[in-house]
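First comes the structure, then the notes that go with it.
The values are calculated or read from the model by the stated rules, or taken from the named source; none is laboratory data. Predicted model only: the values in this text are computed from it and were never measured. Positions of Cβ are backbone-derived with ideal geometry, glycine not excepted, and every protein chain shown enters the neighbour counts. Only protein heavy atoms, including side chains, enter the accessible area calculation; ligands, DNA and RNA are left aside. Shrake-Rupley method; radii C 1.70, N 1.55, O 1.52, S 1.80 Å.
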Amino acid sequence: MRKKYFNEIDETKEEGFSFISDFEGKDDPDVADEVKDKGVPILPLRNMVLFPGVILPISIGRKSSVKLIEYADKNSSYIGIFCQKDEEVDEPELNDIYPVGSIGKVLRILDMPDDSKTVIVQGYQKCSLLSIDETEPYKVGKIAAIKEDSYNGKSKELEALVESCKDAGKRFLKLGEDSHADALFAMQNIQNKRFLINFLCSNFPFKVEEKEMLLKYNSFSSRGYKLLELINRYTQLAEIKASIQMRAREDIDQQQKEYFLQQQIKTIQDELGNGTDQETNDLRKKAAGKKWPEEIKNVFDKEVTKLERLHPQSPDYSVQLNYLETMINLPWGEYTKDNINLKNAEKTLDKDHYGLEKVKERILEHLAVMKLKNGDTKSPIICLYGPPGVGKTSLGRSIATALKRKYVRMSLGGVHDEAEIRGHRRTYIGAMPGQIIKSLQKAGSSNPVFILDEVDKLANDRQGDPSSALLEVLDPEQNNKFHDNFLDVDYDLSKVMFIATANNLNTIPQPLLDRMELIEMSGYITEEKIEIARRHLIPKELDNNGLSKNDIKFPKSTIEYIIENYSRESGVRELEKKIGKIMRKLAKEMATNDVIEDSEIKQDSVQKYLGIPEYIRDKYQGNDYAGVVTGLAWTSVGGEILFVETSLSRGKGEKFTLTGNLGDVMKESAMLALEYIKAHTALLDINPEIFNQWNIHVHVPEGAIPKDGPSAGITMVTSIASALTNRKVKKNLAMTGEITLRGKVLPVGGIKEKILAAKRAGITEIILCEENRRNIEEIQPLYLKGVTFHYVADVKDVLKQALTEEPGMDNRDYVTHFHDTDKKASDKK
């Protein structure tokens, strides 16, 4: 019974074939009456369409289908045979079944060796499915017979059409690799024209959708013309395939089978003009939802077409695929909505960081502008510079949280290749985009807060200068069309908020500096460190070490003691480590004894946890000696006081000695101080002959520590003047300021840190340049309490404020000589 045939029909993944029936070519009115207004068993098929008159074998897999055919065979009843739309659906409903099928009968049921069943059915008349009323034990529904146009056997046109279909079918079968002698014999011996057309429609390897379309035609001629069109199309494809096989067969061997298959696909794509590769289809689907400009879309389409023509084993294929995936994964036109509620943003910034008022104010200003312009504004490009550990990088994350933007960070320390910024050209194997594009991919947004960390540590070599590449990124007039070498199209960076961080501005090229808005983040003062420890560091370390705030108490005095004696830094990293060390020892105590003996950490108990103090700050040492003056210095870890000491020794007056590991600028300040005093001896009532008989030595203690800068100018001139006149300096007085040869006092920096260092040392009066008055006005009154400021413009004012009439201790030899010289001068007069 069973023969291998040229059509593969898949109901349960098996081959099928047709028998030649005794179909007369016209509808039977008895069949229509038999099924009218009655419940008819419905048999859904997978990938199979039954035409009137055609006999088909069907492998039955569903239990409900087995029950249905047994019932239909036993009762010799008509059934509705329809094709389902999706072969994966196990229990199709009305909407899952094509509405047009055939009324059929079961001719025979065969038991197969694998315990499955195969049923032979024949179609009688086309019908439509109206409803499915029952589903158990099998589907039962209402159908309506559809009357087709009768075949006019006298029409020469229809006769020619049938012969054309037959000839086209023969030509198609002859192109196949398998022998189809049985099929050719069947086609040759079918006399009924209408049955021949239905036979070809049912058995040719058309798609299910195409067979359903043929079945829907009621007109014999329309079905015949459409059939001829489909056969010709499939024949052309078969001819192309045969041509491909002929061209590719010459190069085939055992190792090239896989290549041959790919070559077939490539040639088919060339002939059809489009690709069916899964990767390119996925790329096109993703591209459909992108909000990119038209010119970018055109570039993408062009590159996808190029990918379709590349062999997957070609080195260029991976580069091309990587390029397209990079394009598709970029957030073109995708922006997060900014939080422009100024109060909430300010609250978020204050919660995460203490102090840093200038930075917070700048962010709030940007938000205010965005609010007024409805978000249509370019993001600022900010450079936060200052010593390590003051929170520059963490502030970037806090800004992103306040704005409700995505956060990305790129570390530039040690980067020396321009390609890290702009990417590699696609001509290289392993080419990839630059870190700017990669970071935007990771962020998934075109307006993140982008931290360019350690921008001052960029390097350059033969591979290019990354700092020059950053010029385009950080220029608001250019970065709306940033060009990455790998991407090779423009990308808009104008909405990205770039925040660069640096420790030292001197290593950043000037053109790059000009493109950024500089905001200084100076070191924290002791009072600020105390608040940071209380609000952030202590709670963080308590959580890290499994302790609660009820277990430990840190008084402010203890925190200050740790800051002053166990850390010397601008930021709070070392302080955090010390607090963490204490917490770990307390956690050990808690784990061992289930209780902490002393929950309040006092100054006396700090040494038990941290050992002896690591640093000792200078304290004010009094004004007993002439020539000793207290100065103020700024360091990278905050303000400090320093002492300038001047002593005199007998000699020829030729030696002016400077010690204390002084830098060139500080040495020049000492020379200026001495020359000023020599030029103004009358002002200080000093005998000029003294400079020919006494050597002067200026020393700044702690000689192991390098010192430099001009701010000790007035301190040195006061120290030398005090030593030469043997007049004490006013008690609890400190000073800072640069001098000129004419005696002018110039302003200096680091005023806030210097004032706080003076307060810690017990200083109550400070001499500053008049122009530094504006710096004092910016400092909170809390930090100025208990200190009196004297503003000066000339060295004369400094000496008037600083020197007293009290003689200093020691220097007796010089004092005796000084008085004897004055007495002789008086007697001579």
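Taking the protein heavy atoms of the chain in the context of the full set of protein chains, the accessible area attributed to carbon and sulfur is 47 percent at 1.4 Å. Our Cα-only numbers for segment 264-423 put the radius of gyration and Dmax at 22.7, 70 Å. For segment 657-750, the share of alpha carbon pairs falling in successive 5 Å distance bins from zero is 3, 13, 23, 25, 21, 11, 3, 1 percent. Restricting to DSSP loop positions (anything but H, G, I, E, B) with no more than 14 other Cβ atoms inside 10 Å of their own Cβ, which chymotrypsin sites (Phe, Trp or Tyr not before Pro) remain in segment 515-621? Within segment 515-621, the qualifying chymotrypsin sites (Phe, Trp or Tyr not before Pro) (loop, at most 14 other Cβ atoms within 10 Å) are Y615. Multiplying the residue separation of K147 and L237 by 0.36 nm and removing their Cα-Cα distance gives an extension gain of 28.9 nm.
Size descriptors for the chain: radius of gyration and Dmax over Cα atoms are 47.6, 161 Å. With everything on Cα atoms, drop me the angle between helix 392-403 and the longest principal axis of the chain, reported from 0 to 90° to the nearest 10. Between the helix axis and the principal axis of the chain, the angle is about 50 degrees. Pairs from the list K347/K404; K360/K759; K343/K752; K74/K105; K297/K404; K63/K105 with a Cα-Cα gap above 22 Å: K360/K759; K343/K752; K297/K404.
A straight Cα-to-Cα reach below 13 Å connects K351 with the aspartates and glutamates E531, residues fewer than 8 places away in its own chain not being considered.
Can you tell me what share of the DSSP beta bridges in the chain is antiparallel? A percent to the nearest 5 is fine.
On the way: 52 of 91 bridges.
Of all bridge pairs located within the chain, approximately 55 percent are antiparallel.
Can you pull out the GluC sites (Glu not before Pro) in segment 69-171 that DSSP calls coil and that have at most 12 other Cβ atoms within 10 Å? Working shown, then result.
Values: sites: E70, E87, E88, E93, E134, E148, E157, E159, E163; in loops: E87, E88, E93, E148.
Within segment 69-171, the qualifying GluC sites (Glu not before Pro) (loop, at most 12 other Cβ atoms within 10 Å) are E88, E93.
Loop-located GluC sites (Glu not before Pro) in segment 751-795 (DSSP state other than H, G, I, E, B) with a sparse environment of at most 11 neighbouring Cβ atoms within 10 Å: E778. Taken along its principal axes, the alpha carbon cloud of segment 113-237 reaches lengths of 47, 42, 27 Å, longest axis first. Entry note, the chain: the mean residue ellipticity at 222 nm calculated from DSSP H runs of n ≥ 4, each adding -39500 (n - 2.57), is -13000 deg cm²/dmol after division by the residues and rounding to the nearest 500. The alpha carbon radius of gyration of segment 389-506, expressed as a multiple of 2.2 N^0.38 Å, is 1.04.
Placing unit charges on C-beta atoms (Lys and Arg positive, Asp and Glu negative, everything else neutral), compute the dipole magnitude of the chain about its Cα centre in debye, rounded to 20.
Working: 119 positive and 131 negative charges, 322 e Å.
I would put it at about 1540 debye.
Annotation: per residue accessible area for the chain equals 50 Å², rounded to a whole number [probe 1.4 Å, protein chains only].
Straight-distance candidates among the lysines for linking to K655, with alpha-carbon spacing under 20 Å and chain neighbours fewer than 8 residues away dropped: K667, K678. Assuming a ≥ b ≥ c are the square roots of the Cα gyration tensor eigenvalues, decide whether segment 715-781 counts as rounded (a/c under 1.5), prolate (otherwise, with a/b larger than b/c) or oblate. It comes out oblate by the Cα gyration axes.
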